Amino acid sequence: MKASRKKLAATFLTTILLGAFIPAYAKNIKITATPIENFLPENSEKTQFGKLEFIGGLELTSKNKNFGGLSGLRITEDGKTLFAVTDQGHFLKADIIRDSSGKISALERAEFSRLRDRKDDKLKGKSRADAESLEIFGNQFLIGFERKHRVDFFNQSNGKLKADSKSKPISFKRFNFPNNKGPEAIAISPLTKEVFVFAEYALDKKRQHQGFIVKDETITPIAITLTTGYSLTDAHFLNNGDLLILERFYTPITGQAMRIRKILSQNLKANTILSGEIIMQATSQMEIDNMEGLAISKMQDSSTRLTLISDDNFSRSQRTILLEFKLID
């Protein structure tokens with residue numbers, strides 16, 4: 001375990017090319033993509049929302065009965081390949097297709113597979129397979145699970161995405177997270193190589209969101225200020241070491257809402273309470289759903305692209321949508 005954690009720091013790369021991650025046993029599925037042209041339908045001319053510029057989006061559907069429940073999201077640094085996990089223990093890999101302007105237009109060559117444990121058995125059942133967060137380092141994946149709260153290491157083995165037999169999961173059992181409010185966000189700092197883990201909605205003694213910095217075998221607390229009703233659903237670092245946090249809000253009366261906060265790198269210290277700057281907010285008037293995944297990539301023009309994905313909860317009243325924004329400096 002200790003050696004595996006040290007390997008994390010040694011092998012992390014800010015530029016990640018994962019062409020080797022092609023689960024040969026995965027099922028090829030077709031994903032239908034319907035364009036989302038306007039983020040605010042009632043005002044098609046508005047493209048800037050806070051410090052983000054809306055680029056475009058897609059509503060995603062598939063005839064595969066297991067498609068949905070997408071939460072953790074990552075995109076390769078070159079913006080060409082998408083990875084996601086679902087709350088039923090599935091892993092999605094797909095090629096991102098863009099038009100001449102760089103706007104995302106489709107997901108093709110999509111491969112869908114079941115995560116596997118160290119015995120090579122498929123992860124099944126909510127208690128074991130509720131994958132909610134995803135991060136990539138070197139040639140491994142880190143995946144966060146709720147209910148049986150843990151962050152685990154996964155490798156490609158014989159064409160299967162399988163838990164790493166040489167390491168043990170990072171357990172968060174002792175922190176007494178609520179049943180389905182556990183490790184919802186994982187992010188690795190490009191500056192310190194530390195792993196930051198945030199619970200969805202588990203409050204500390206000061207009633208702030210619980211987070212943790214993991215390095216080697218040490219887990220140190222860090223906290224994010226709570227705004228009543230908002231849950232933390234993902235996090236990702238910018239290349240300069242600043243941290244972006246995705247949050248979502250829902251009530252039956254007001255519907256869905258979401259926001260993104262930025263926390264400066266110099267403030268990311270253990271045993272502190274962090275607040276940060278809200279760089280974008282969205283309400284149910286805009287094209288959002290249950291937004292749970294956040295990924296960051298660099299485009300050929302050197303602009304920073306934020307990609308968001310929603311968890312449809314396998315509900316007919318919800319959608320799986322993929323949204324892209326340009327970060328405005």
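The values are calculated or read from the model by the stated rules, or taken from the named source; none is laboratory data. Just so we're clear, the structure is a prediction, and the values are computed from it rather than from any experiment. We place every Cβ from the backbone using ideal geometry, glycine too, and count neighbours over all the protein chains shown.
Among the strands (runs of 3 or more DSSP E) confined to region 142-204, the ones with at least 3 residues that are in contact with an Asp or Glu (Cβ under 7 Å, 6 or more places away or on another chain) and buried (at least 23 other Cβ atoms within 10 Å of the Cβ) are located at 183-188, 195-203.
Do you know which of the residues in region 222-244 that are outside any loop (DSSP other than H, G, I, E, B) and out of contact with any Gly (no Cβ under 7 Å at 6 or more places or on another chain) is surrounded by the most Cβ atoms within 10 Å (Cβ to Cβ)? Across region 222-244, the extreme among qualifying residues is 233.
Scanning region 206-221 for residues that are out of contact with any Phe, Trp or Tyr (no Cβ under 9 Å at 6 or more places or on another chain), of a type outside the set (Ser, Thr, Tyr) and either assigned to a strand (DSSP E or B) or modelled with pLDDT of 95 or more (or both) yields one hit, 215.
For region 260-270, filtered to residues that are among the aliphatic types (A, V, I, L, M) and closer than 8 Å to residue 222 by Cβ, the residue that is surrounded by the most Cβ atoms within 10 Å (Cβ to Cβ) is 268.
Taken together, 285, 208 contain a single residue that is touching a Leu at 6+ places or on another chain (Cβ under 7 Å), within 28 Å of residue 126 (Cα to Cα), surrounded by fewer than 18 Cβ atoms within 10 Å (Cβ to Cβ) and not hydroxyl-bearing (Ser, Thr, Tyr), which is 208.
Residues in region 300-329 that are under 19 Å from the mean Cα position of the chain (by Cα), farther than 20 Å from residue 257 by Cβ and either of a type in the set (D, E, K, R) or not in a loop (DSSP other than H, G, I, E, B) (or both): 304, 305, 326, 327. Against the list (1) farther than 24 Å from residue 143 by Cα; (2) assigned to a loop (DSSP other than H, G, I, E, B), the condition residue 279 fails is (2). Across region 31-46, the qualifying residues are those that are farther than 19 Å from residue 284 by Cβ and β-branched (Val, Ile, Thr), and the one among them that is surrounded by the most Cβ atoms within 10 Å (Cβ to Cβ) is 31. Taking region 91-125 as the range and being touching a residue at least 40 places away in the same chain (Cβ under 8 Å) and either under 18 Å from residue 72 (Cα atoms) or out of contact with any strand residue (DSSP E or B) (no Cβ under 9 Å at 6 or more places or on another chain) (or both) as the test, the residues that pass are 91, 93, 94, 107, 110, 111, 112, 113, 115, 116. Within region 279-291, residues that are touching a residue at least 12 places away in the same chain (Cβ under 8 Å) reach partners that are buried (at least 21 other Cβ atoms within 10 Å of the Cβ) and hydroxyl-bearing (Ser, Thr, Tyr) with beta carbons closer than 8 Å, at six or more positions or on different chains, in the pairs 288/310; 289/310; 289/320; 290/310; 291/233; 291/310. The set of residues from region 158-198 being without any contact (Cβ under 8 Å) to a residue 40 or more places away in the chain and small (Gly, Ala, Ser) comprises just one member, 171.
For region 55-66, name all the residues that are surrounded by fewer than 22 Cβ atoms within 10 Å (Cβ to Cβ) and either touching a Ser or Thr at 6+ places or on another chain (Cβ under 8 Å) or touching a residue at least 60 places away in the same chain (Cβ under 8 Å) (or both). Residues satisfying the conditions are 55, 56, 59, 61, 62, 66. Out of curiosity, is residue 245 hydrophobic (A, V, I, L, M, F, W, C) and closer than 28 Å to residue 317 by Cβ? When the stated conditions are applied, residue 245 passes them. Quick one: residue 273 ticks every box in (1) surrounded by fewer than 19 Cβ atoms within 10 Å (Cβ to Cβ); (2) hydrophobic (A, V, I, L, M, F, W, C); (3) under 26 Å from residue 77 (Cβ atoms) except a single one, so which number is it? Result: residue 273 passes all but (3).
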